[in-house]
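Report on the structure given below.
What follows draws every value from the coordinates through simple rules; no lab data is involved. Bear in mind that the values here come from a model prediction, so they are computed numbers and not experimental data. With ideal geometry, Cβ positions are generated from the backbone for all residues, glycine too; neighbour counts draw on all protein chains shown.
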Amino acid sequence: MSPLVKTFFDPHTFTATHVVRDPETTHAVIIDPVLDYDQKAGRTSTISADQIIAYIREQGLTVDWILETHIHADHLTAGPYLKENLGGRTGIGEHVTAVQKTFETIFAAGPEFAADGSQFDQLFSDGEEFRIGGLTALAMHTPGHTPACIVYVIGDAVFMGDTLFMPDYGTARCDFPGGDARTLYRSIRKIFSLPAKTRMFLCHDYKAQGRDEFVWQTTVAAQKAHNIHIHDGVTEEEFVAMREARDKELSMPALILPSVQINMRAGHFPPPENGVSYLKIPLNVF
């Protein structure tokens, strides 16, 4: 079956949030939602999430799931806010615990933080199936960018997170803790085993040089033929050499410090002190 997809693009973080619905019922999921964050003021807002809420209510949809593809380093998740307003269950891949264990140390999260994934309602295993109305969805573990990355195959569509970008932009970086270029290559080849016509929806687009518009949809066939980093014919050794060299030149994402601290808690803020929640800035770590 072919799910209906409505995408909301946040130009501040270059993030595409997808609302995916069963064409025969009102059931839907939300994938990779954004909580707006003013870094200078340290203030969050819900402008992006409120647009999704308005659409869901206008369409009369029932939200079954609010899904994350991984612990994002480039935007904060609006998962808890959407759940509070729309219902549904939050989900992520079961290997999120590996990421939590790494970052609870880096951010000195404290004894109240449980690195067991319990902040989410569901931890999906590789190959696990779940339902969205009449649609069957499949969780596929695709580590490399992070150990916890997962893609969701829903009908004739796959929702990629950061694993791949548009063919003219390439692939995800692998230099975050637990990332690995060789693992990413194998994960992408696993995705390339999906039917060629599978629609591919991306979590980000940074508008490659020479392109005028933001785009977040392609196909497995287009990626295999044209992805500048990993098209058919690129060997594992070639990819690893390219990816590792490229990653050495990249700066850290602008929002990595607030994003990871919030997202590893499934979007919940750290426990307040004196009535205020605080984020930590580790020095000389990244």
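Some points to look at:
- Residues Ser277, Ser193, Ser48 arranged by fewest to most Cβ contacts within 10 Å: Ser193, Ser277, Ser48
- Computed [θ] at 222 nm, helices only, for the chain once each DSSP H run of length n ≥ 4 contributes -39500 (n - 2.57): -7000 deg cm²/dmol
- Annotation note: trypsin sites (Lys or Arg not before Pro) in the range 33-134 located in DSSP loop regions with a Cβ neighbour count of at most 14 within 10 Å are Lys40.
- Rounded to the nearest Hz, the phi-derived 3J(HN,Hα) couplings of the range 73-89 under the Karplus curve 6.51 cos²θ - 1.76 cosθ + 1.60 (θ = phi - 60°) are 10, 10, 7, 8, 8, 9, x, x, 5, 5, 4, 4, 8, 10, x, x, 10, where x marks glycine and proline.
- Under 5 Å between amide hydrogens, built in the peptide plane, is the criterion, and for Leu76 it picks out Leu35 among residues at least 5 positions away or on other chains.
- Residues whose placed amide H lies under 5 Å from that of Val158, excluding near-sequence neighbours: Arg199, Met200, Phe201
- Loop-located GluC sites (Glu not before Pro) in the range 173-241, at most 13 other Cβ atoms within 10 Å (DSSP): Glu213
- For the chain, modelled as a GNM whose springs connect Cα atoms under 10 angstrom apart, the maximal fluctuation among Val234, Val260, Val151 occurs at Val234.
- Proximal charge balance of Glu213 [Cβ under 10 Å; K/R count +1, D/E count -1]: 0
- Loop-located trypsin sites (Lys or Arg not before Pro) across the range 167-237 with a Cβ neighbour count of 16 or fewer within 10 Å are Lys197, Lys207, Arg211, with loop assigned by DSSP.
- Mean-square fluctuations from a GNM of the chain, with a 10 angstrom spring cutoff on Cα atoms, peak among Ala222, Ala16, Ala241 at Ala241.
- Prolate/oblate/rounded call for the range 203-286, Cα gyration tensor, a/c under 1.5 rounded: prolate
- The chain: antiparallel DSSP beta bridges as a percent of all, rounded to 5: 70 percent
- Gain on full stretching of the segment that runs from Ile228 to Glu129 - 0.36 nm per residue minus C-alpha separation: 32.5 nm
- Once the chain from Arg43 to Met1 is taken as fully extended at 0.36 nm per residue, the excess over their C-alpha distance is 11.0 nm.
- If the chain linking Arg211 and Val285 were pulled fully straight, counting 0.36 nm for each residue of separation and taking away their Cα-Cα distance, it would gain 23.1 nm.
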